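This report concerns only the one structure given below.
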Amino acid sequence: MKYCSTRGGVCGWDFRDVLFSGFAPDGGMFMPESIPVLSPQTLRGWRGLSYTQLVVEVASLFVPPELIPRDDLQVLVTDALSGFSVPEVVRIARLKDGLSVLELFHGETLAFKDLAMTCTVRFINYFLQKENRRATVVVGTSGDTGGSAIQSSKGLRGLDVVVVYPRGRITPVQEKHMITCLEDNVHVFAADGSSDDIDQPLRRLFADQDLVKSHRLMSLNSVNWSRVMVQLAHFIYAYLQLSGVQEAENEGDLPELEVVVPTGGAGNIAGGFLVKQMGLPLKLVAMVNSNDIVHRTVTSGDFSMAANVTQTLAPAIDIQDPYNMERVFWVLLGKDGAVVKKMMEEFQQTHRHSLPADQHKLLSQVLSTGSVNDAGILDTMRRCWEDNQYVLCPHTAVAVWHHYNCSHNPKINRCYIATASPAKFEAAVQRAGLTFDLPEAVLALDKMATRYQKLERSPNWCKDWEDRLREQLQSVSSVRKSKGMFYS
């Protein structure tokens, strides 16, 4: 299995190189040069596998055994997923009227990011130890990614983690999962801006190949292919558990499953799209909040940012740059890197792009969407409680709104992706008039010391933030070369 850039400038890279790279050198995103196809026989053969076993099977399709032998891969994945709060790692809540919620939030930071992040960090650490070298992770976060990257990487000797989050635009629990980690390899910055603002200086840092090589920079956002790769597994797990394939005839057609996904940066929905390309009969629905660029793109072909990111009750998907849509476009457009490069460079320079009619038609055939405002989020949370005594986080409510407000084919089963625990969004739960007992681990965060640096807004904020982060990277590298402690 080899990898190439969605913009056509890079090909023939292996999994290890892609794992340590983030964005490709040409600004694109890495994708497998060929997408494996899962036969109906293979899928039926996986029916009895646990979630952890499915992650191993999926990863083995994209990670050659000469890079990570199968036995090592099994150990890495099993160790990564051993610390989750439920034995099965993920769990399905089967509620009234066909409402099935796939809970992906039983990791340390109570968000679905923990699933792929823990595995990806284990892969990284595997190669670092094998090669006796270091790396530095740089992460911009809209809420959950930063905490997950920190908790998955804290204390590792060969890895420093630099995280930038949008101050005042995430919940207290999300913030505390980052700023309460005082490990010497963790460096947290609070920026006066949106997560899309943060992406701008980070893209400039990664575009500087001398900087990337000298400090061995890499990304743990869903830019990183490994994150998307691991996330393929929960779509397959949902399909095997909920589609009815268990009861279907062995020689008959595979039944379809509708999967509804709350969507921001589009990494999760891109994973679902890839699984669909691999042969899983999925009907995909991407649900967004008031930051509705994905919805507008699918319904009207208007792939354009709004003037500002709207702050909503579902802050982890308050995003106007759904960067993983580049992966979807690349597959839809026949892996034509030149077309994708032109499209994405126009979008990045002008924040606007209009899909031609033929491209818009292709996209609308494989993806449905909907948009939910804060009132709809609160109404969905209340209704789900009244019907099931089940508390949704606001992001999951963005998806479940679809259950209560859209018509459904009774012959097709449905799955709603729960991306975070309501414990992370206490204010939204209270605004819905509901209560939720916070876990002890969350209550303990209030008593912990904190450490972070501020990135203030200024007339030339993007350059200023880039310079501050460059200085941090250089300082960290200097200290590590002398084998010293950064925070004394």
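No value in this document is a laboratory result; all are computed from the given coordinates. Quick caveat, the model's predicted, so the values are computed rather than measured. In this analysis, Cβ positions are derived from the backbone assuming ideal geometry, glycine residues included, and neighbour counts consider all displayed protein chains.
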query: Hey, what's the per residue convex hull volume over the C-alpha atoms of segment 1-66, in cubic angstrom?
result: 98 Å³
message: What FRET efficiency comes out for K447 versus M485 if R0 is 30 angstrom and r is the Cβ-Cβ distance? Round to the nearest 0.05.
response: 0.75
- request: Assign unit charges at the C-beta atoms only (+1 for Lys and Arg, -1 for Asp and Glu), then state the dipole size of segment 24-140 relative to its Cα centre in Debye, rounded to the nearest 20.
  value: 220 debye
message: To make sure I understand the rule: partners must be lysines, Cα under 23 Å from the Cα of K411, and not fewer than 8 residues away in the same chain. Which ones qualify?
response: K96, K276, K283
Sum of side-chain charges, D196 neighbourhood, beta-carbon under 12 Å (Lys, Arg +1; Asp, Glu -1): -2
- request: Quick one: divide the alpha-carbon radius of gyration of segment 292-353 by 2.2 N^0.38 Å and tell me what you get.
  value: 1.16
Straight-distance crosslink candidates among lysines, where the alpha carbon sits under 23 Å from K176 and sequence neighbours closer than 8 are dropped: K113, K154, K424, K447, K454
field: Stokes-Einstein D (µm²/s) once Rh is taken as the Kirkwood radius of the chain over alpha-carbon pairs, at 4 °C in 1.567 mPa s
entry: 57 µm²/s
query: If the viscosity is 0.692 mPa s and the temperature 37 °C, what translational diffusion coefficient in µm²/s does Stokes-Einstein give for segment 361-409 when Rh comes from Kirkwood over Cα pairs?
result: 281 µm²/s
- request: Please give the net charge around T141, taking every other residue with its beta carbon less than 14 angstrom from that of T141, where Lys and Arg add +1 and Asp and Glu add -1.
  value: -2
statement: HN-Hα couplings for segment 193-208 via Karplus (6.51, -1.76, 1.60; θ = phi - 60°), in whole Hz with x for Gly/Pro, come out as x, 8, 5, 5, 4, 4, 4, 5, x, 5, 4, 5, 5, 6, 6, 8
- request: Pull out a ≥ b ≥ c, the square roots of the eigenvalues of the alpha-carbon gyration tensor of segment 56-190, then state rounded if a/c is under 1.5, prolate if not and a/b is larger than b/c, and oblate in the remaining case.
  value: oblate
task: Please state, to two decimals, what the Cα-based radius of gyration of segment 186-229 comes to when divided by 2.2 N^0.38 Å (N = residues).
output: 1.28
query: Hey, got a sec? Which GluC sites (Glu not before Pro) in segment 1-90 land in a DSSP loop and have at most 16 other Cβ atoms within 10 Å?
result: E33, E66, E88
field: Cysteines in the chain lacking a second Cys C-beta under 4.7 Å
entry: C119, C181, C384, C393, C406, C415, C462
- line: Amide H contacts under 5 Å for L38, restricted to residues at least 5 apart in sequence or on another chain and with H modeled in the peptide plane, are G279
- prompt: To one decimal place, what orientation-averaged projected area in nm² is obtained for the convex hull of the Cα set of segment 142-247?
  reply: 8.8 nm²
statement: The longest stretch of the chain containing none of the trypsin sites (Lys or Arg not before Pro) that sit in a DSSP loop with at most 14 other Cβ atoms within 10 Å is 158-351
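What fraction of the DSSP beta bridges in the chain is antiparallel, stated in percent and rounded to the nearest 5?
Rounded to the nearest five, the antiparallel share is 25 percent.
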